[in-house]
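What follows is a short report on a single structure.
The values are calculated or read from the model by the stated rules, or taken from the named source; none is laboratory data. As the structure is a computational prediction, the values presented were derived from the model and not from experiment. All Cβ positions, glycine included, derive from the backbone under ideal geometry; neighbour counts span all protein chains shown.
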Amino acid sequence: MLNPTKPFFSIPSFFRALIQIAKSFFVKATTYTFPCQLDRLADLEIDLLKNAGIEGVILDLDNTIVSEDDRYTSPGAETWIKQAKLQNLKFFILSNGKRQERAKAWSNRLEIPIINPARKPFPFAFRQALTSMQLEPKQVVVIGDSRHTDILGAWLVGCPSIQVATLPHPFRWWEKLFGKRVQTPYPSGHELWDNEFLCEKNSELKK
């Protein structure tokens, strides 16, 4: 008998079902040896990616590398990216952020091409990134903080994915509504780095 206090259907359950369908359809034949969730990018062992045949990384920007309010950066993320490049991993950034000058500034700083706005989870930008890197979906891992954009988009094009905890930032109404269903909160007490880069860059952009 249905529980009258709980809705028979909800938007979060619909998205979870859609994700599971996409996952089973696109990546059911491949098992990867790296984790599907991490607290931060720098916790990922590059050798695990290489051993799994990964040759490229599609990165999210906001709340994965830098908080969208420019307050924090993910500890060790830039060093991790440099080390991964030394091991010949290719990179591409897909960002849904609305501030294109800011996104371009980070693209230049990290020396990684970017599509902004990427309109994730729609597959078009993901496919552009794959074409640019000249890699197949199974050779590219998507890393981001949001299930409904980064992770869903990865599944729709057949890429494996890793969800990182979202950096602290002012939450939008829908983030407050759906909460942990779409993002994993950054662990309380974990190290955070102040963002100095765009504190200086923003003042230049406003001139």
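Summary of values
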| item | result |
| --- | --- |
| Matching option when the condition is in a loop (DSSP other than H, G, I, E, B), modelled with pLDDT of 95 or more and surrounded by 19 or more Cβ atoms within 10 Å (Cβ to Cβ), among ILE54, ILE93 | ILE54 |
| Of the criteria (1) in a loop (DSSP other than H, G, I, E, B); (2) more than 17 Å from SER146 (Cβ to Cβ); (3) at pLDDT 90 or above, which one TRP80 fails | (1) |
| Failed criterion for MET1 (all others in (1) assigned to a loop (DSSP other than H, G, I, E, B); (2) at pLDDT 90 or above hold) | (2) |
| Cross-chain or 6+ apart pairs with Cβ under 8 Å, the stretch 36-47 first and charged (D, E, K, R), then part of a strand (DSSP E or B) | ASP39/VAL164; ARG40/VAL164 |
| One residue from ALA154, ALA103 being in contact with a Ser or Thr (Cβ under 6 Å, 6 or more places away or on another chain) and more than 23 Å from CYS36 (Cβ to Cβ) | ALA103 |
| Residue count for the stretch 120-137, restricted to those that are surrounded by 15 or more Cβ atoms within 10 Å (Cβ to Cβ) and either out of contact with any Pro (no Cβ under 7 Å at 6 or more places or on another chain) or hydroxyl-bearing (Ser, Thr, Tyr) (or both) | 10 |
| Unique residue being under 15 Å from the mean Cα position of the chain (by Cα) and under 26 Å from GLU196 (Cβ atoms) when the list is VAL164, VAL157 | VAL164 |
